[in-house]
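Engineer: Take this structure, written in structure tokens, and hold onto it; I'll ask about it next.
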Amino acid sequence: MSLPTQPNVKLVNDGGYRENYANSVQMRVNIWDFFLVFGTLQQQTEAVVEIKNFQGIYLSPQQAKALLGLLQQNVAGYETAFGEIKLDPRMAPHGPVH
């Protein structure tokens, strides 16, 4: 069985396209989709952190899994080139998942 011919993909940015920097990503999951909310986190004081959300993106479970694979592949490549990415242990996930 042969694989189908790959289509010629043309990427076009629509009028609403924009690029932003995010250092905060929150996720909500339900049976139908994954919802990613991107924002910027700013530490106001030692006890106060403000997150300004600017974009929410819905992904199907299939797209979320495809994104996971791409992220794993690219993070591994980054760490091979530049060394291990260390995470702050205080940023570990905790609390209930809704």
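Engineer: Take segment 39-53 and flag every residue that is open to solvent by 70 Å² or more (accessible area, probe 1.4 Å) and in contact with a Ser or Thr (Cβ under 8 Å, 6 or more places away or on another chain).
Structural biologist: Ile51, Lys52, Asn53
To keep it simple, each residue is scored yes or no on (1) part of a strand (DSSP E or B); (2) more than 27 Å from Trp32 (Cβ to Cβ); (3) at pLDDT 95 or above; (4) open to solvent by less than 100 Å² (accessible area, probe 1.4 Å).
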site	(1), (2), (3), (4)
Ile57	yes, no, yes, yes
Gln62	no, no, yes, no
Leu68	no, no, yes, yes
Gln72	no, no, yes, no
Ala76	no, yes, yes, yes
Ala81	no, yes, yes, yes
Leu87	no, yes, no, no
His98	no, no, no, no
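Engineer: Hey, could you check segment 2-33 for residues that are among the basic types (Lys, Arg) and in a loop (DSSP other than H, G, I, E, B) and say which is surrounded by the most Cβ atoms within 10 Å (Cβ to Cβ)? Please lay out each step first, then the result.
Structural biologist: First, the residues of segment 2-33 that are among the basic types (Lys, Arg): 10, 18, 28.
Still in the running and in a loop (DSSP other than H, G, I, E, B): 10, 18.
Numbers: Lys10: 5, Arg18: 8.
In this case the residue turns out to be Arg18.
Engineer: Given the criterion under 18 Å from the mean Cα position of the chain (by Cα) and modelled with pLDDT under 95, identify the matching residue among Leu11, Leu41. Let's see the steps before the verdict.
Structural biologist: On the way: Leu11 fails: under 18 Å from the mean Cα position of the chain (by Cα).
Exactly one of Leu11, Leu41 is under 18 Å from the mean Cα position of the chain (by Cα) and modelled with pLDDT under 95, namely Leu41.
Engineer: Have a look at Ser24, Ser60 and point out the one that is in contact with a Ser or Thr (Cβ under 8 Å, 6 or more places away or on another chain), in contact (Cβ under 8 Å) with a residue 12 or more places away in the chain and polar (S, T, N, Q).
Structural biologist: The conditions single out Ser24.
The values are calculated or read from the model by the stated rules, or taken from the named source; none is laboratory data. Owing to the predicted nature of the structure, the values given are computational and were not obtained by experimental measurement. Note that we place each Cβ from the backbone using ideal geometry, even for glycine, and neighbour counts take in every protein chain shown. Quick note on the areas: whole protein, heavy atoms, side chains included, nothing else; ligands and nucleic acids left out. Shrake-Rupley method; radii C 1.70, N 1.55, O 1.52, S 1.80 Å.
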